[in-house]
Amino acid sequence: MEKQRRIFIQKAGLIAAASAFTPQILLSTTRSQKKKLGVALVGLGYYSTDLLAPALQLTNNCELRGIVTGSPEKIPVWKEKYGIPDKNVYNYKNFDTIANNPDIDVVYVVLPPSMHAEYTIRAANAGKHVWCEKPMAPSVADCEAMIKACKDNKVKLAIGYRCQHDPNIQAYMKVGKEKPFGKVRMVTSAAGYFDGRTNHWKQNKKLGGGAMGDMGVYALQGARLATGEEPISVLAQASTTRPEIYHEVEETMMFQLEFPSGARASCQTSFGINMNHLQVNYEKGWLKMAPHSSYNGNNGSMSDGTIIKFPIPNQQAKQMDEDALAIMEKTDLIVPGEEGLRDIRVVEAIYKSAAQNCVVKL
């Protein structure tokens with residue numbers, strides 16, 4: 001029986017991965033709009049250059065059509081590599097004129113968090129759908145303003161939580177909802193890596209740096225998604241082992257969460273420690289994921305012998321394809337702005353708890 005279950009989950013993974021990249025077969029008779037949405041990347045740093053732009057070459061429902069950058073020297077390289085015409089190249093000053101460009105349907109904001117609200121709102125006011133990288137913004141007020149701007153302009157807002165599009169993560173979310181092992185008792189969730197950089201926005205408070213907002217949302221989501229609940233209290237402690245680098249923001253954050261059902265979570269995130277795992281202990285069993293928030297290879301197991309190992313060709317491509325499809329078909333996004341807001345509410349409470357050295361109720 002256990003062997004059959006393992007085989008089923010692996011075959012299901014192959015089907016899920018294949019279907020994620022062949023939606024036209026199902027929709028060719030119903031779609032009346034564009035076959036592909038045009039995407040403009042705002043900010044051409046590592047994530048856009050090494051991950052999003054290559055992933056957009058694998059998508060079926062969207063394609064790279066434009067760029068927005070403050071670095072003129074990057075423009076010729078991107079134009080040649082991706083065939084981007086002059087009219088689809090913008091800088092931060094003339095960005096608002098993107099409203100007049102029918103080639104661009106979606107603006108993907110890939111900037112330091114402190115700039116997310118400004119460019120999301122400007123894109124929404126230009127009538128473009130918005131995909132915004134995580135963390136959504138440094139504050140709840142920013143998140144609420146972003147959601148309002150998109151609603152007022154009748155455009156969709158998705159947050160770049162690629163992991164929630166990964167069938168391996170969806171597998172443990174399903175366990176949390178269906179509760180085959182009973183209630184969740186304890187979650188241990190960690191996400192971090194050693195960052196050797198000394199002058200990056202992640203070490204700059206003004207730009208929205210700090211481990212909690214960046215890698216910390218993966219540790220936080222591990223607990224939230226595994227329980228299927230929102231925390232009601234938090235106790236946190238920030239620390240650093242490299243004060244010469246992390247003197248404005250935390251290098252490491254440890255936090256404990258309490259949930260309405262009585263479940264507890266112990267979470268860690270860091271720019272000084274390599275860690276990437278999730279363990280969920282239920283009334284009658286357990287689930288383990290290692291890694292649980294990587295770009296690929298997320299996998300795990302359960303106490304009943306079930307193996308979680310869904311193949312996924314490209315996480316970012318799947319994320320963008322599904323978000324584009326939701327826009328075209330006018331269906332719900334997997335990760336709307338409201339999900340990003342839920343995380344930032346907790347992140348704010350974590351910072352408050354660390355600063356005041358006390359339990360903060362949510």
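The values are calculated or read from the model by the stated rules, or taken from the named source; none is laboratory data. What you see is a predicted model, and the numbers here were worked out from it, not measured in a lab. As a convention, Cβ positions derive from the backbone with ideal geometry for all residues, glycine included, and neighbour counts pool all protein chains shown. Accessible surface is based on the protein model in full, side chains and every heavy atom, while ligands, DNA and RNA are left aside. Shrake-Rupley method; radii C 1.70, N 1.55, O 1.52, S 1.80 Å.
Considering only protein heavy atoms, with the full assembly of protein chains and a 1.4 angstrom probe, order TYR46, TYR218 by accessible area, largest first.
Details: TYR46 130, TYR218 25 Å².
Ranked from most to least accessible, the order is TYR46, TYR218.
Give me the accessible area per residue for the range 279-350, probe 1.4 Å, as a whole number in Å². Solvent-accessible surface per residue comes out at 37 Å². Near LYS183: Cβ cut-off under 15 Å, other residues only, Lys/Arg at +1 and Asp/Glu at -1. The net charge is +1.
Per-residue ellipticity at 222 nm computed for the chain from its helices equals -10000 deg cm²/dmol, with DSSP H segments shorter than 4 residues left out and the rest contributing -39,500 (n - 2.57). Remark: the Cα gyration tensor places the range 197-272 in the prolate category, a/c being 1.5 or greater and a/b exceeding b/c. Under 5 Å from the amide H of GLY208 lie the amide H atoms of SER114, each residue being 5 or more positions distant or on a separate chain, with H modelled from the backbone and absent for Pro and chain starts.
Take every Cα pair under 8 Å in the chain that's 6+ residues apart, average their separations, divide by the length, and report that relative contact order as a whole percent. RCO, the chain: 20 percent. For LYS284, the aspartates and glutamates whose Cα falls under 13 Å of its own Cα, not counting residues fewer than eight places away in the same chain, are ASP304.
For the range 95-107, the Karplus equation 6.51 cos²θ - 1.76 cosθ + 1.60, evaluated at θ = phi - 60°, returns couplings of 3, 5, 6, 4, 4, 8, 10, x, 5, 9, 9, 10, 10 Hz by residue, with Gly and Pro reported as x. Computed extension gain for TYR92 through ASN296, at 0.36 nm per residue and net of the alpha carbon distance, reaches 70.2 nm. With the cut-off at 1.5 for a/c, could you classify the range 183-316 from its C-alpha gyration tensor as rounded, prolate or oblate? Oblate, since a/c reaches 1.5 and b/c is not below a/b. Computed from the C-beta positions of ILE232 and SER303, the FRET efficiency with R₀ = 25 Å rounds to 0.40. Under the simplified labelling scheme, the LYS177-LYS206 pair shows an inter-label distance of 4.4 nm, with each label point 7 Å from Cα along Cα→Cβ. The range 321-362 and the range 186-239 have Cα centres lying 12 Å from one another. Extending 7 Å from the Cα toward the beta-carbon at both ALA145 and ALA355 defines two label points whose distance is 1.8 nm. Note on ASP103 and LYS330: their simple-model spin labels are 2.8 nm apart, each label 7 Å out from Cα toward Cβ.
Note down the net charge around ASN60, summing +1 for each Lys or Arg and -1 for each Asp or Glu among other residues with Cβ under 10 Å from its Cβ. After counting each charged neighbour, the total is 0.
With helices defined as uninterrupted DSSP H runs, which ones in the chain have an alpha carbon span along their own long axis of at least 15 Å and mean Kyte-Doolittle hydropathy of at least -0.5? What comes out of the filter, once short or polar helices are dropped, is 2-20, 140-152, 216-227, 337-356. The value of relative contact order for the range 224-362, using C-alpha pairs under 8 Å at least six residues apart, is 24 percent.
The stretch between ARG242 and LYS35, if pulled fully straight at 0.36 nm per residue, gains 69.5 nm over its current Cα-Cα span. Ordered from largest to smallest accessible area (heavy atoms of protein chains, 1.4 Å probe), the residues THR49, THR252 come out as THR49, THR252. Give me the net charge for the shell around LYS134: Cβ to Cβ below 11 angstrom, other residues only, Lys and Arg +1, Asp and Glu -1. Computed value for this residue: -3. Pairs exceeding a 27 Å alpha-carbon distance, out of LYS128/LYS352; LYS34/LYS81; LYS202/LYS352: LYS128/LYS352. Past the 32 Å Cα-Cα mark, which pairs from LYS134/LYS330; LYS36/LYS148; LYS154/LYS361? Checking Cα-Cα distances, LYS154/LYS361 exceed 32 Å. Per residue, the average separation of C-alpha pairs within less than 8 Å and at least 6 apart gives the range 231-278 a relative contact order of 34 percent.
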